[in-house]
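The values are calculated or read from the model by the stated rules, or taken from the named source; none is laboratory data. Since we're looking at a predicted model, the values are computed, not measured. Neighbour counts are summed over all protein chains in view; Cβ atoms, including those assigned to glycine, are modelled from backbone coordinates with ideal geometry.
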C-alpha cells in the first residue's frame, strides 16, 4: 500500500463538534472525542469482509487496510498493523483500573481504540478499533 496512500486521501478536514455529533450520533461522538468504547459485536465493521481502506471517521486519514484485518474473536475490528506507522499514535491509558495502550489518529487525535501484544505475526499486535472511529473506503484498494 505505502506511498500512494496520501495521494488517495479524499480530503483531510477535521469536522466541528456539531458536525461530528450529527454525522456520528451521540455514541460515535462519545467514542471519538470522549474516549468511549462501543459494546463488543455491535459496531458496523467488527465482522466486515469487504476489501478497502479504513479511514478515520473524523478526518479521513488512512489508518488500516483490509489486508491486515483479522478475526480476533474480540467483537471489534482488529488489525495487525496500520497502513503506515505514522498514521496512528499511542498513549498510555490508565482508566478503568488498568494500564492499556490507547490508539489515536495521528492527524486529528480521534480516539480509535487500543493496541494489545496478543495479535498474529508478523507484528504480534492486535489493534482493537471501534467501528465508530472508522469509515471503510472500498474504492481505495
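Please go through the range 101-125 and give me each residue that is surrounded by fewer than 20 Cβ atoms within 10 Å (Cβ to Cβ), part of a loop (DSSP other than H, G, I, E, B) and in contact (Cβ under 8 Å) with a residue 60 or more places away in the chain, ordered by number.
108, the sole residue that qualifies.
So which residues in the range 82-100 are within 23 Å of residue 27 (Cβ to Cβ), within 16 Å of the chain's Cα centre (by Cα) and surrounded by fewer than 15 Cβ atoms within 10 Å (Cβ to Cβ)?
91
Against the condition at pLDDT below 95 and either farther than 20 Å from residue 15 by Cα or not in a loop (DSSP other than H, G, I, E, B) (or both), how does residue 139 come out, does it pass?
Yes.
Go through the residues of the range 115-124 one by one and say whether even a single one is within 21 Å of residue 28 (Cα to Cα) and either in contact with a strand residue (DSSP E or B) (Cβ under 8 Å, 6 or more places away or on another chain) or modelled with pLDDT under 95 (or both).
yes
Please verify whether the range 93-100 includes one or more residues that are at pLDDT below 95, closer than 27 Å to residue 21 by Cβ and assigned to a helix (DSSP H, G or I).
Yes: one or more hits.
I'd like the full set of residues that are surrounded by 13 or more Cβ atoms within 10 Å (Cβ to Cβ), free of Cβ contacts under 8 Å to residues at least 24 places away in the same chain and not in a strand (DSSP E or B), limited to the range 24-72.
29, 30, 68 - these are the residues of the range 24-72 that are surrounded by 13 or more Cβ atoms within 10 Å (Cβ to Cβ), free of Cβ contacts under 8 Å to residues at least 24 places away in the same chain and not in a strand (DSSP E or B).
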